[in-house]
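First comes the structure, then the notes that go with it.
The values are calculated or read from the model by the stated rules, or taken from the named source; none is laboratory data. It should be emphasised that the depicted structure is a prediction, and the values quoted were computed from it without experimental measurement. Ideal geometry is used to build each Cβ from the backbone, glycine not excepted, and the neighbour counts take in all protein chains shown. Accessible surface is based on the protein model in full, side chains and every heavy atom, while ligands, DNA and RNA are left aside. Shrake-Rupley method; radii C 1.70, N 1.55, O 1.52, S 1.80 Å.
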Amino acid sequence: MIVRIMGEGQYRLSEDCVGRVNELDNAVVKAVESDDEDGFHAAFEEMLDVIRSEGEHLDDADIETSDVIVPPPDTSMVEAAAEFSGDGLIPD
Amino acid sequence: MAGMAGRMSTVIKSKISKLLDKAEDPGETLDYSYQKQLESLQGVKKGIADVVTAKKRLGMQASKLEQSVVKLDTQARQALAAGNEELARTALERKQIAQTELQSLDQQVAELQSQQERLTESEKRLRVKIESFRTKKEVIKAQYSAAEAQVRISEAATGVGEEMADVGLAMQRAIDKTENMKARADAVEELEAAGTFEDLTQLGSGQDDIDRELAALGAGGMVDDELAKMKAELGQGSAPAAPAELESGEDKP
């Protein structure tokens, strides 16, 4: 699976690893829903760490479409919350 | 894939896919999509230039404010030495405003610097990808029938499109930040225009605005402390004292 961290690049991850990323992603969403800023940062940063450390960084010249796209590392909880309400970083 | 709909990454992926679908025109030629990629690269370069311009403007304001801080400090000392405590206090109050603005400008310059670095990295990634697309496009055209080449190159174009969407978002965020900072820079310029950091012996109107700004900053306490310190340095009165004692000595330089 190809995972993109926006503003950073793409990584090739094993299925197992993507499962781990998805779990953390769920934790991120839960934290956003319960307005838990610390929880949001903890889960989001761990998610980025897993992608960076377990994934194989693709060369800039590789042209691949991502299966999973995660927002930029400096995304704030407010920005992440806005994403779910449909008015986020990326226009609908 | 139950429960996927609620994931952050899924929301973003689907938004980007929609964005790419919207941008894609089945009637367009492959060379045209390469042209569009190059235009997008130019757009990023312009975005970086805008960030650099905003950073320079804030940097210039910061160095002007630094000069004001030094000037107002000197004036406060001179006023105090000449026995004019009221003027000294006014000078210190303005120095406080200038310092507060300066601190915020410095932070913003640093923030723009990191935006610039990130955009430069993004621009490099996109440039490499577009160059790779150009090569790939020619290879595919040479190896496959027109119909199959069309499909393969479309796939590659989508891959580059994703990179363009990524860079586009990074640019948008940088522009938003730059806009916020422009508003801040305008506010500092208004303070300057009101004479806030001017020579105190040439004070004109605009005093009310300055007083309001001071109240908003709640700078009073810090000014008291600094005034007491300065007095002590000049050998006037006792060492930093409680505000009550300061007040009693106010008319007796």
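Things worth noting here:
- 3J(HN,Hα) from dihedral phi, the range B:70-77, Karplus parametrisation 6.51/-1.76/1.60, rounded to Hz, x for glycine, proline: 5, 4, 5, 5, 4, 5, 4, 4
- For the range A:66-85 versus the range B:57-134, the gap between their alpha-carbon centres in whole angstrom: 31 Å
- Separation in nanometres of the label points that stand 7 Å from Cα toward Cβ, at B:E66 and B:V128: 3.6 nm
- With each label modelled as a point 7 angstrom along the Cα→C-beta vector, the A:S34-B:L234 pair spans 5.9 nm.
- For the peptides A:74-83, B:11-20, residues were scored by their other Cβ atoms within 10 Å and the scores averaged per peptide; the highest-first order is B:11-20, A:74-83.
- Taking the 1.4 Å solvent-accessible surface of chain A as the whole, the part contributed by carbon and sulfur is 45%.
- For the pair A and B, the buried accessible area comes to roughly 3200 Å² in total, with a 1.4 Å probe and the value rounded to the nearest 100.
- Modelled label reach - B:Q113, point 7 Å along Cα→Cβ, the range B:41-82 residues with backbone N closer than 17 Å: B:51-64, B:66
- Neighbouring Cβ atoms from other chains, within 10 Å of the Cβ of residues in B:124-134, number 3 on average.
- Distance between the modelled labels on B:T120 and B:D186, one decimal in nanometres: 3.0 nm (7 Å Cα→Cβ projection).
- Order of exposure, largest accessible area first, which applies to A:K30, B:K124 with probe 1.4 Å: A:K30, B:K124
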